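This report refers to the structure that appears directly beneath it.
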Amino acid sequence: MRRFLKGLVPAAVVAAVAAGIIGCGSSGGSGTTSASPTSAPSPSTAASPSGVASPAPGMLAVAPGWPTVPASDFATTIDNPWFPLIKGRSWVFTGVKDGKPTVDTYTVTGQTKRIMGVTCSVIRDRLTVHGKVAEATWDWYAQDKQGNVWYLGEDTKEYDAAGNVTSTAGTWQTGVNGAGAGIFMPANPQVGMGGYQEYLAGQALDQYKVVSVNASVKVPYGSFKNALQTSETTALDPGVRDAKYYVKGIGQVAEETVKGPKETSFLVKVTK
């Protein structure tokens, strides 16, 4: 699944999100299947063209705009209701990419990976086109003790129809070559919250903004109200903006292009 997100918030609000002290608001426009974003915070972590500043010992390297956080401030489970990553659970999506029908399967493997002292959950993401793997990604997430889900990297490959690897662009890991982790899902999302989900100059610059906490969305898996809607972009592809929808207790249920080449992904099945 693509991870475009944009629209950031003032540094004081960002710090409050990471500290887990902002409650989930009930405000926000009613959602449809489109979204729109806005401006960025003053970074609390210095950044340069080569990457984020090196953190102090025991601290996680973070993307610009997020406050630093110690590696010891992470739990061993990911139970954020908007993005629950339960061992063995899979989400199956159908959609369209590059004009071709796709099936995307996202599975919590139960495996872990240690990154900068943080134990991450390993997620397998497989996108197939006509039954053949087009993209294969291993994602690494961890949840802090306040309930914010952080994204610490990915190992991604794209394949041609013959099964040959054609690209590994987008691969990154927190703390390597100036890469920094970002909050993928706040503990208590409110309209206007957002920031970098990932940061590696020239490789991984996805950003998001929460645009609604009471959106309505319909996918093959079901119809939902009070969904969380985000607007997503990346500086690496400024002509594209996506909308994503999340439902409590399920996680992501939909993604579609608002601006740029059409790409969609709609939830059809959840196992376990």
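The values are calculated or read from the model by the stated rules, or taken from the named source; none is laboratory data. All figures in this text were calculated on a predicted structure; none of them were measured in a lab. FYI the Cβ positions are ideal-geometry reconstructions off the backbone, even for glycines, and counts take in every protein chain you see.
Worth a mention:
- Residue in the range 193-207 that is buried (at least 24 other Cβ atoms within 10 Å of the Cβ), of a type in the set (F, W, Y) and either under 28 Å from V133 (Cα atoms) or out of contact with any His (no Cβ under 8 Å at 6 or more places or on another chain) (or both) present: yes
- Residue identified as in contact (Cβ under 8 Å) with a residue 40 or more places away in the chain and either surrounded by fewer than 24 Cβ atoms within 10 Å (Cβ to Cβ) or touching a Ser or Thr at 6+ places or on another chain (Cβ under 8 Å) (or both) among N164, N177: N177
- Within the range 126-181, being in contact with a strand residue (DSSP E or B) (Cβ under 8 Å, 6 or more places away or on another chain) and of a type in the set (S, T, N, Q) holds for T128, T137, Q143, N148, T156, T166, S167, T168, T171, Q173, T174, N177.
Yes or no, residue by residue, for (1) in contact (Cβ under 8 Å) with a residue 24 or more places away in the chain; (2) over 24 Å from G251 (Cβ atoms):
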| residue | (1), (2) |
| --- | --- |
| W82 | yes, no |
| W91 | yes, no |
| P101 | yes, no |
| T105 | no, no |
| W140 | yes, no |
| W150 | yes, no |
| K157 | no, no |
| A169 | yes, yes |
| Q173 | yes, no |
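- Tally, over the range 53-64, of residues that are among the small types (G, A, S) and surrounded by 15 or more Cβ atoms within 10 Å (Cβ to Cβ): 3
- The sole residue among T76, T112, T119 that is assigned to a loop (DSSP other than H, G, I, E, B), farther than 20 Å from Y159 by Cβ and hydroxyl-bearing (S, T, Y) is T76.
- Number of the condition not met by Y159 [criteria: (1) out of contact with any Lys or Arg (no Cβ under 7 Å at 6 or more places or on another chain); (2) aromatic (F, W, Y); (3) buried (at least 19 other Cβ atoms within 10 Å of the Cβ)]: (3)
- Candidates in the range 126-147 are the residues that are in a strand (DSSP E or B) and surrounded by fewer than 19 Cβ atoms within 10 Å (Cβ to Cβ); of these, the one that is nearest to the chain's Cα centre (by Cα) is W138.
- Enumeration of residues in the range 41-52 that are among the small types (G, A, S) and either surrounded by fewer than 19 Cβ atoms within 10 Å (Cβ to Cβ) or modelled with pLDDT of 85 or more (or both): S42, S44, A46, A47, S48, S50
- Hits in the range 65-84 - residues which are in contact with an Asp or Glu (Cβ under 8 Å, 6 or more places away or on another chain) and either of a type in the set (D, E) or surrounded by 18 or more Cβ atoms within 10 Å (Cβ to Cβ) (or both): V69, D73, F74
- Within the range 158-216, tally of residues that are closer than 12 Å to V62 by Cβ, part of a strand (DSSP E or B), under 13 Å from the mean Cα position of the chain (by Cα) and not hydrophobic (A, V, I, L, M, F, W, C): 5
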